[in-house]
Amino acid sequence: MSLLQLQNLTKRFGGLVAVDNVSFDVPEGAIVGLIGPNGAGKTTVFNLITGNYRPDRGDILFDGRSIRKLPTHRIVHLGIARTFQTIRLFPKLSVVENVLAGRHCRMKAGVIAAMLRLPAQKREETAALAEARAEMAFVGIERDADQVAENLSYGNQRLLEIARALATGPRFIILDEPAGGMNDFETAKLIRVIRQIRDRGITVLLIEHDMSLVMEACEQLVVLENGAKIAEGTPGEIQENERVIEAYLGVEEE
Amino acid sequence: MKDVRPVIYAVFCGALLLAPFFLNAYWVDVLNNVGLYAILGLSLNIILGHAGLFHMGHAAFYAMGAYTTAIINTSYQIPVLWLMPLSGLVAGVAALVIARPIIHLRGDYLLIVTIGLVEIVRIALINNVFGITGGSNGIFGISRPELFGFRIRRPEHFFFLIWGFAAITVFLFHRLENSRFGRALNYLREDDVAAEGSGINTAHYKLIAFVVGAVWAGMAGNIFAAKMTIIAPESFNFWESVIMFMIVLLGGRGSIPGVILGAFLIVGLPELFRQFATARMLVFGAIMVAMMIFRTEGILPPRPRRYPAAVADGGGDGP
Amino acid sequence: MDLFLQQLTNGLAVGSIYALIALGYTMVYGVLKLINFAHGDLFAIGAYLGLTLLTTFGLSQYLGPMGVVIVLAVMVMGLVAVVGAVLERVAYRPLRQAHRLSAVVSAMGASIFFQNALMLVYGARYKVYPHDILPKNAVSIMGFEIPLVRLLVLLTSVLMMVALYLFIQKTRIGTAIRAAAIDQRAAKLMGINVDRVIMIVFLIGPALGGVAGLMVGLYYGQINFTMGWMYGLKAFTAAILGGIGNIPGAMVGGLLLGVIEAMGAAYISIAWKDAITFMVLIAILIVRPTGLLGERVADKV
Amino acid sequence: MKKMSVFMLVLMIGLLGAGSALADDPVRIGLMAPLTGAWASEGQDMKQIVELLAESLNAAGGINGRKVQVITADDGGDPRTAALAAQRLSTQKIVAVIGTYGSAVTEASQGIYDEMDIIQVANGSTAIRLSEKGLKHFLRTCPRDDEQGLVAYQTLKDGGYKSIGILHDNSSYAKGLADEAKTLLDKDGANIVFFEALTPKQNDYTAILTRMRASNPDVVFFTGYYGEAGLLLRQKMEMNWPVPFIGGDATNNPDLVKIAGNAAAKGFRFLSPPVPQDLDTPEAKAFMESYRGKYNGEPGSVWAVLAGDGFRVVAKAIEATGSEDPGKIVAYLKNELKDFPGLTGPISFDAKGDRVGDLYRLYEVDAGGKFVLLP
Amino acid sequence: MGCDGVMLQVENIHVRYGRVEALHGVTLEVREGEIVTLLGANGAGKSTTLNAICGIFKTTEGAIRFRGDNIHTLPAHEIVTRGVAQVPEGRRVFGTLSVRENLNLGAYTCNDNARNQSNLQRVYALFPRLAERAGQLAGTLSGGEQQMLAIGRALMANPKILLLDEPSLGLAPLLVKAIFDTIREINRSGLTVVLVEQNARAALKLAHRGYVMEVGRIVLEDTADQLLANPDVQKAYLGGVR
């Protein structure tokens, strides 16, 4: 059963066709990689899924339901979480608060409950804090909980973004270049985290340039070039695909 | 370094509480004004400090509250303080209606629109809109407030009313800041794309921030009307909004102690400079520039929220 | 129709002054992203300095009306430019790395300072320009009469704006200003001294504001120390209306604002004139959230 | 922390300064005036005049041998600051306070003085209601709007104008006057072709003039202030619109002619209590002499002079009653003081504390820009 | 030191952003006529190093010498005047200015009209597309064209050394090849080049020498061929493909 289905998605910016009639399915419980050269439209696809952009044509089904017209926060509420290519944390806020941001959409307390600090609100806060700490521990940054986010290392900022996304309680998580700026050690850890995410029953879709990560972590790959899908398959198949090698992986000139 | 802040706050509160017994009516009234502006500053702080919306039209909501109180009190003789919730409600509903179409405007565009808002309200009041605002004369003969049968007339009485309300405001707003709501405002201030991407309905929270701020400004307007017994459009001009704006920024965006200090400085300093007579505002202007240069983030910027260290029960945090 | 045309010229005359002041807001904003709340007061300073120069040097004894105006304009522009540059150095440069709003408070403080300085130096009463500087006659154009002075005001402002536009578009420094407005770091990499560019902007903007003050003095005769707030607010509105940071936008916004005011007063209500103006502004911004000529910046995610 | 302590120090000094200096020798009279803000020019004039009068009074031996001390507070021309100023003055052991300008501003302070049993003599607050509240200690040296409205109505009627335009500036005062005049004219069935408000302190009124011209009035009655009146006259001339203008008493300020220019101001008429320049009473002459001597000019507005009159009647009452008891002083002012020779003509008060007598004169500006009292 | 045609010498520089130190002592040198590449992960400090050389970021410790003179104390615009030009990451062309104006800005420090004209012709010869689009707003150019413009703009300053920050970012493979060919060409005409690249393989093929950075430090320094053959580098930066 496909959790996410993209159907003939097209997005134009002015004259440029950023995403050109792209269709693919993401099966529930899979780790799928979206790869392609810079400027191929990968991030635009992500932005279409999360409602940051509206498609000019085509539809996006999540769990069989069209989410094409929903605002971003509704989509998150339905269970799609994401990270950003250029890290977008709340730089001046603490790590734990950053993670609590993700928890927000699963909480209910309103202004009045907060002012009066009603018992239900207190319970909710406590639970949310526990959840947040659990997610920080999950990605392994629990020791930095009270740090200001901007003081974390690059790699830990990426992990923090993942923790924030996980805190939204997603069924589906979108990671945009999660290994960007990470060293080998951190990348290896990231692969473990991604697998654990999947093991929690969360479907993963990721963009990544680090081929070792892609080949190791992903079960299925979709390749874009110039906004269009040029290939789809297992990592092994993709590595053998002539078109992909030519367009993206590069021809060795030795 | 040990945290001396709680001690300072305690000393401050104690001194404040004793002040009316030692100061003359004039200085008590100065403190009353400071208190009133502290409440207004705290209410603007929700919008400007926490949500980061450039709102320079807060006097409009203040005016709505004051006029609601004045009109109903003078026409139906309903006791002034009973009208406080209604004043807040009217301002809040007005904020809801007005803010919805403009909330998506960014930075300076929102700034000028809110300035426009306060001018439109003032002009409407002057032109006796709906024939109920009394035009430029304003409304007079607002009755003195009564609390538990006690008639509040002297500055010392008002002192306890105003600072009592200020204390309630601080208490409630402190809790609000340290809640899901307060955090949501900070998220959208820091990065509204990321906030939206984390599942926060940013448009909704901007709107609610406006409404909460407006409700409180409306209630402050109620106290103002009760204290002055006469209100006129000129009390709610653009300059009033600027004063509130400066209080928040000078004291420290998003910081309750900062805003209260800001109110002391912006409203209190010109009174201290009275010996400079006509030059007092000149000195005041120069000092504002200097203070901003020496403390660019405001004098008492907010401190990070603290959360219980480990996974423990008993949520929230102590004040 | 006659009334309409008459009101159109009324509006354009006021609007051209708004536009001149708006240029100062928009230029500073373009480079520093700062709303220089003291800009309106620089305009008022221009008006007062013009009067002082006029009366102390008795220029009209030696020069014809045009000569007086030109000499005065040059002197006022120079002096107000210096005030502007000092303002930048003292009140804004230390805050350049700070949050934008911090600089706004500094600007408001500076505004209060300037306004009260004017009151202390010149007194709180209205000050009045001598009446015999400019000719009083009217010219008849297409059947209705327009005071010559008003035409002159319009012409001078348009001339100034065109000159500024050409300066910004065609000269090396102008291009550097535009470059610094777009991307300060990239401008530095081009070898542009960004501090100097900012200084230049703080010379030109106040100079134009100052000359607008002089024109208000010469044209309307009456000046007072609080005039900076009103004109400043209107000009800031104009700059936003046109799209802040955009130089042609400030010109269009200023002229349009003047016309809206005149038309609002003519056809709707005089007492509600300013309210109508703001309502139109809000309506325009709801439809075009970045002003008339402002760029629509797509949110990059 | 250092800055904080400096701040606290300044606060301390301020508090001490406020508390000290309470030696009880001189007669203390307060002056509440807009020394800053939009009406600063009026307030500073008021301060100059009252201080001048106090000086000459002290030079002449004071009140019953006691010196007079004037204590000034800035009301900023806005009600909130005025309430503060009133609180401040009421702690200064003053007998009476002179001021202030602006009805809403005065109103914000009225209750405070009344509660503290301090006599208030307002000088530029003409709203009718101020003296209709039954406050015991409130008086004013300026006339009320209804009185001027009546005079305006008479003047417009006597002029035989067929169509009348009325323009005010939406200030409490100007609107009040315009409304009074309009009510009376309406009763008479006069043809009012234009009744509108301009926004003060905006230099360009051509849009309004153009629109007024289209409604074609025979005369325009402008109830606002001299600054705007001067500009209106000037811009009216530039438009070649010869309609006569009549102004209310707020236009009585020599700066009007300066702003409009002689040519434009010529023929402008206005209603006003007389200023001392135009009176040949010995008091007025003496005052003008000392004023010119000290400040090298003429007082700007009649309102500031009315503050001077307020000071003089209070001094007179203290001297006559030999007491600082407010009740006695007020009783003296209301009942016994008759035709006191003021700087603006004879002064008497009625039971409400309003000045009685037809104070208003009609002035016209002559070709040389002088204000000429019409017979 | 300072001999052997060493053009640029960076000695133990530290740079901080607020409280965080981004560079903890970076030392490198560039000899006249060389192409030197700077490799490393995102956030390793490559761009920071370039910006420190250009005076955009101030060093808190260490020294930068260009042709024997200390330049780390100079403001950015002075450094450009001395002959250091940077093609910044993300190109940073002035989007609302025309292509021609962008190029003119490149020559901002140079008042010699004749020379600017000949430089312009040289840039146009190098990138004919820019000549075709001279009047167009830079923001409307495609990514590759913008990269050409950014390089052309830097060349207009008549630099002695050219610092390129990720010139291949966001470009299709064919364009990347074209840009790299151009860099080689520029270098052959006598210009010294420092190249920061994510595309390590391509960069090392082009460069003479390379440095590898990790979290604010230089961790490796070698000739390009040696680096290309180094298994550690292979694993870390050349990807697991093949």
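The values are calculated or read from the model by the stated rules, or taken from the named source; none is laboratory data. Keep in mind it's a predicted model, so treat the numbers as computed, not measured. Positions of Cβ are generated from backbone atoms using ideal geometry, with glycine treated the same way; all protein chains shown enter the neighbour counts. In case anyone asks, the SASA skips ligands and DNA or RNA and just uses the protein heavy atoms, side chains included. Shrake-Rupley method; radii C 1.70, N 1.55, O 1.52, S 1.80 Å.
Name the most mobile residue of B:Val170, B:Val121, B:Val129, meaning the one with the largest mean-square fluctuation, in a Gaussian network model of chain B with Cα contacts below 10 Å.
Residue with maximal mean-square fluctuation among B:Val170, B:Val121, B:Val129: B:Val129.
Nearest 500 deg cm²/dmol is fine: what mean residue ellipticity at 222 nm does chain D get from its DSSP H runs of n ≥ 4 alone, each adding -39,500 (n - 2.57), divided by its residue count?
Roughly -14000 deg cm²/dmol at 222 nm, from the helical runs in chain D.
In square nanometres, what is the average projected area of the Cα convex hull of the protein assembly as shown?
One quarter of the hull surface, i.e. the mean projection, equals 58.4 nm².
What figure in square angstrom, to the nearest 10, would you give for the accessible area of E:Ser47 with a 1.4 Å probe?
Surface open to solvent at E:Ser47 totals about 30 Å².
Which of B:Lys206/B:Lys227; B:Lys227/D:Lys133; D:Lys67/D:Lys334; A:Lys11/A:Lys229; D:Lys67/D:Lys285 have a Cα-Cα distance over 22 Å?
Table pairs above 22 Å Cα-Cα are B:Lys206/B:Lys227; D:Lys67/D:Lys334; D:Lys67/D:Lys285.
Multiplying the sequence separation of A:Arg143 and A:Leu16 by 0.36 nm and subtracting their Cα-Cα distance, what value in nm do you get?
41.2 nm
With the dipole of segment B:33-237 worked out from charges on the C-beta (+1 for Lys and Arg, -1 for Asp and Glu) around the Cα centre, which of B:Ile208, B:Gly116, B:Met219 lies farthest toward the positive end?
Sorting the options by dipole projection puts first B:Met219.
Place +1 on the Cβ of every Lys and Arg and -1 on the Cβ of every Asp and Glu in segment A:91-164, take the dipole about the Cα centre, and give the residue among A:Leu129, A:Ile162, A:Ala114 whose Cα lies farthest towards its positive end.
The residue sitting most towards the positive pole is A:Ala114.
Within segment D:263-291, which residues have the backbone N less than 11 Å from the label spot 7 Å out from D:Ala59 along Cα→beta-carbon, could you tell me?
Flagged as within label range: D:287, D:289-291.
Could you give the DSSP H helices of chain B that reach 30 angstrom or more along their long axis (alpha carbon positions) and whose average Kyte-Doolittle hydropathy is no lower than -0.5?
What comes out of the filter, once short or polar helices are dropped, is B:155-177, B:202-228.
Mean 1/r over all different Cα pairs, inverted: what Kirkwood radius does chain C give, in Å?
Here the Kirkwood hydrodynamic radius works out to 19.7 Å.
Per residue of B:171-179, what is the mean number of Cβ atoms on other protein chains within 10 angstrom of that residue's Cβ?
4
Which residue, chosen from B:Ala286, D:Leu232, A:Gly36, occupies the Cα position most advanced towards the positive end of the dipole of the protein assembly as shown, where the dipole is computed from +1 (Lys, Arg) and -1 (Asp, Glu) charges on Cβ about the Cα centre?
Toward the positive end, the furthest listed residue is B:Ala286.
Name the residues whose placed amide hydrogens come within less than 5 Å of the amide hydrogen of D:Thr72, ignoring near sequence neighbours (fewer than 5 apart) on the same chain.
D:Leu31
Could you work out Rg/(2.2 N^0.38 Å) for chain A, with Rg from alpha carbons only?
It is 1.04.
How would B:Arg153, A:Arg164 rank on accessible area, largest to smallest, probe 1.4 Å?
Of B:Arg153, A:Arg164, the descending order of accessible area is B:Arg153, A:Arg164.
Using a 1.4 Å probe on the protein heavy atoms, what percent of the accessible area of segment A:6-67 belongs to carbon and sulfur?
Within segment A:6-67, the accessible surface is 43 percent carbon and sulfur.
Test of understanding: in a Gaussian network model of chain C with alpha carbons linked when under 10 Å, which of C:Ala179, C:Ala239, C:Ala212 would top the mean-square fluctuation ranking?
Fluctuation is largest for C:Ala179.
Please list the helices of chain C that count as membrane-span-like by this rule: a mean Kyte-Doolittle hydropathy of at least 1.6 together with Cα atoms stretching 18 Å or more along the helix axis, each helix being a complete DSSP H run.
Length and hydropathy pass: C:65-87, C:148-170, C:194-220, C:273-287.
Show me, bin by bin at 10 Å from 0, the whole-percent P(r) of segment D:44-135 based on Cα pairs.
All Cα pairs considered, the percentages come to 16, 47, 29, 8.
Could you give me D for segment B:44-149, from Stokes-Einstein at 37 °C and 0.692 mPa s, where the hydrodynamic radius is the Kirkwood radius over C-alpha pairs? Units µm² s⁻¹, please.
So the translational diffusion coefficient is about 220 µm²/s.
Say R0 is 30 Å: what FRET efficiency, to the nearest 0.05, do E:Ala114 and C:Lys33 get from their beta-carbon distance?
0.20
Run a plain Debye calculation on segment C:25-137 (Cα atoms as equal point scatterers, no solvent) and give log10 I(q)/I(0) at q = 0.09, 0.21, 0.22 Å⁻¹, rounded to two decimals, same order as the q list.
The calculated log intensity ratios at q = 0.09, 0.21, 0.22 Å⁻¹ are -0.31, -1.10, -1.16.
If amide H atoms are built 1.01 Å from N in the plane of the peptide, which residues on other chains or at least 5 residues away come under 5 Å of the amide H of C:Asn246?
Those qualifying (amide H under 5 Å, at least 5 residues apart or on another chain) number zero.
So what is the orientation-averaged projected area of segment E:52-190, using the convex hull of its C-alpha atoms, in nm²?
The directionally averaged projection comes out at 8.7 nm².
Mind putting a number on the dipole of segment B:33-237 about its Cα centre? Charges go on the C-beta only, +1 for Lys and Arg and -1 for Asp and Glu, and I need it in Debye to the nearest 20.
For this selection, approximately 440 debye.
Give the Rg (one decimal place) followed by the Dmax (whole number) of segment A:14-69, computed from C-alpha coordinates and expressed in Å.
In Å, with Rg to one decimal and Dmax whole: 11.8, 37.
Please compute the modelled spin-label separation between D:Lys136 and D:Asp25, points set 7 Å along Cα→Cβ, answer in nm with one decimal.
Going by the 7 Å Cα→Cβ label model, 3.2 nm.
Between B:Ala290 and B:Ala167, with labels modelled 7 Å along Cα→Cβ, what's the label distance in nm to one decimal, could you check?
3.5
Using only Cα atoms, find the angle between the long axis of helix E:143-156 and the longest principal axis of chain E, and express it within 0 to 90 degrees, rounded to the nearest 10.
Helix E:143-156 and the main axis of chain E meet at about 90 degrees.
Quick one: dipole size for the protein assembly as shown, taken about the Cα centre, charges +1 on Lys/Arg Cβ and -1 on Asp/Glu Cβ, in debye to the nearest 20.
340
Using the beta-carbon distance between A:Glu246 and C:Ile286 and R0 = 51 Å, what value does 1/(1 + (r/R0)^6) give for FRET efficiency, to the nearest 0.05?
That gives a FRET efficiency of 0.55.
Sort E:Glu32, D:Glu289, D:Glu238 by heavy-atom solvent-accessible area, probe 1.4 angstrom, most to least.
Order by accessible area, largest first: D:Glu289, E:Glu32, D:Glu238.
With a 1.4 Å probe and every protein chain kept in, tell me what percent of the accessible surface of segment A:91-164 is carbon plus sulfur.
Carbon and sulfur atoms account for 55 percent of the accessible area of segment A:91-164.
In percent, what relative contact order does segment B:33-237 have, based on Cα pairs under 8 Å that are 6 or more apart in sequence?
That works out to 45 percent.
Convert each backbone phi in segment A:195-207 into a coupling constant with the Karplus relation 6.51 cos²θ - 1.76 cosθ + 1.60 (shift: θ = phi - 60°), then list the ³J(HN,Hα) values in order as whole Hz, x for Gly and Pro.
3J(HN,Hα) across segment A:195-207, in whole Hz: 5, 5, 4, 4, 5, 7, x, 9, 6, 10, 10, 9, 9.
I'd like to verify something in chain D: which complete DSSP H helices, judged by Cα projection on the helix axis, reach 15 Å or more and average at least 0.5 on the Kyte-Doolittle scale?
Membrane-span-like by this criterion, though nothing is claimed about a membrane: D:2-19, D:302-321.
So, with +1 on the Cβ of K and R and -1 on the Cβ of D and E, and no other charges, what is the size of the charge dipole of segment A:91-164 about its Cα centre, to the nearest 20 debye?
280
Could you give the spread of the C-alpha atoms of segment B:155-217 along their three principal axes, from largest to smallest, in whole angstroms?
So the three principal-axis extents are 51, 19, 14 Å.
When N is the residue count of segment D:272-333, what does its C-alpha Rg come to as a fraction of 2.2 N^0.38 Å?
My calculation over the Cα atoms of segment D:272-333 gives 1.31.
Find the lysine pairs in chain C meeting two conditions, Cα atoms under 25 Å apart and a separation of 8 or more places or different chains, and report how many there are.
Lysine pairs satisfying the spacing and distance rule in chain C number 9.
Rounded to the nearest 500, what is chain A's calculated 222 nm mean residue ellipticity when only DSSP H runs of at least 4 contribute -39500 (n - 2.57) each, over all residues?
Calculated at 222 nm, the ellipticity per residue is -11000 deg cm²/dmol.
Would you kindly calculate the translational diffusion coefficient of chain D, applying Stokes-Einstein with the Kirkwood radius from alpha carbon pairs, for 25 °C and a viscosity of 0.890 mPa s, and quote it in µm² s⁻¹ without decimals?
114
Ignoring ligands, DNA and RNA, how much accessible area is buried between chains A and B, both sides summed, with a 1.4 Å probe, to the nearest 100 Å²?
Rounded to the nearest hundred, the buried surface is 3300 Å².
Roughly what % antiparallel, to the nearest 5, for the DSSP beta bridges in chain D?
Among the beta bridges of chain D, antiparallel pairing accounts for roughly 25 percent.
Taking the Cβ-Cβ separation of B:Ala279 and D:Val372 as r and a Förster radius of 41 Å, what is the calculated FRET efficiency to the nearest 0.05?
0.55
From the alpha carbon gyration tensor of chain B, can you work out the equivalent ellipsoid semi-axes (sqrt of 5 times each eigenvalue) and give them in Å, largest to smallest?
29, 25, 21
Modelled label-to-label distance, A:Ala134 and E:Asn70, 7 Å Cα→beta-carbon offset: nm?
About 5.8 nm, to one decimal.
Using C-alpha positions alone, give me the convex hull volume of chain E per residue in cubic angstrom.
Cα-based convex hull of chain E, divided per residue, equals 126 Å³.
For segment A:43-131, treating each Cα as an identical point scatterer without solvent, what Debye log10 I(q)/I(0) comes out at q = 0.12, 0.21 1/Å?
Here the Debye-derived log intensity ratios amount to -0.51, -1.05.
Which percent of the Cα-Cα distances in segment D:146-272 go past 18 Å?
Percentage above 18 Å: 46.
Diagonalise the Cα gyration tensor of segment C:183-251 and give the resulting equivalent ellipsoid semi-axes, square root of 5 times each eigenvalue, largest first, whole Å.
Taking √(5λ) for each eigenvalue gives 30, 15, 9 Å, largest first.
Would you mind getting the accessible area per residue of segment D:146-272, heavy atoms of the protein chains only, 1.4 Å probe, in Å²?
Value returned for segment D:146-272: 30 Å² of accessible area per residue.
What accessible area, summed over both chains, is buried at the C-B interface (1.4 Å probe, Å², nearest 100)?
Interface between C and B: roughly 3900 Å².
At 4 °C and a viscosity of 1.567 mPa s, what translational diffusion coefficient does Stokes-Einstein give for segment A:138-197, taking Rh as the Kirkwood radius over Cα pairs? Give it in µm²/s as a whole number.
The calculation lands on 109 µm²/s.
Can you give the accessible area buried between chains D and B, summed over both chains, with a 1.4 Å probe, in Å² to the nearest 100?
Interface area, both chains combined: 3200 Å², rounded to the nearest 100.
Per the helix-only calculation at 222 nm, which mean residue ellipticity applies to chain B, given -39500 (n - 2.57) for every DSSP H run of n ≥ 4 and division by its residues, nearest 500 deg cm²/dmol?
-21000 deg cm²/dmol
Considering amide H positions built from the backbone, and no H for Pro or chain starts, which residues 5 or more places from A:Val19, or on another chain, come under 5 Å of its amide H?
Here the answer is A:Lys11, since their amide H atoms fall under 5 Å of that of A:Val19.
In whole angstrom, how long is each semi-axis of the equivalent ellipsoid of segment D:113-209, when you take the square root of 5 times every eigenvalue of its Cα gyration tensor and sort them from largest down?
Ellipsoid semi-axes (Å, largest first): 31, 18, 10.
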